[in-house]
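The values are calculated or read from the model by the stated rules, or taken from the named source; none is laboratory data. The structure presented is a predicted model; accordingly, all values stated were derived computationally and were not measured. Positions of Cβ are backbone-derived with ideal geometry, glycine not excepted, and every protein chain shown enters the neighbour counts.
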């Protein structure tokens, strides 16, 4: 499955993780993560699952479409807020 490496990078950075720390959390090597984020390789399904589990998103959130772009442009917010309700 093709992935959007730059989107994976943006999500990782939004979570505040450096590349090597995130690779450790995901259970993959730093060089492998670098190649994925730079679009030099597409991860195996099991590796992609490790990455998305560590990112807290679904595989479809980082899957590339036919043009190589992912359907989701921004990382999911870790903290959600609601608008105040009227009294």
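Within the range 2-26, being at positive phi and in contact (Cβ under 8 Å) with a residue 24 or more places away in the chain holds for no residue.
Considering 55, 15, 33, which residue is surrounded by fewer than 18 Cβ atoms within 10 Å (Cβ to Cβ) and at pLDDT 95 or above? Only one candidate passes the filter, namely 15.
Among the residues of the range 23-38, how many are within 16 Å of residue 4 (Cβ to Cβ) and within 13 Å of the chain's Cα centre (by Cα)? So that I can check it myself, show each step before the final result.
First pass over the range 23-38, keeping only residues within 16 Å of residue 4 (Cβ to Cβ): 33-38.
Applying the additional criterion that residues be within 13 Å of the chain's Cα centre (by Cα) yields 33-34, 36-38.
Residues in the range 23-38 being within 16 Å of residue 4 (Cβ to Cβ) and within 13 Å of the chain's Cα centre (by Cα): 5 in total.
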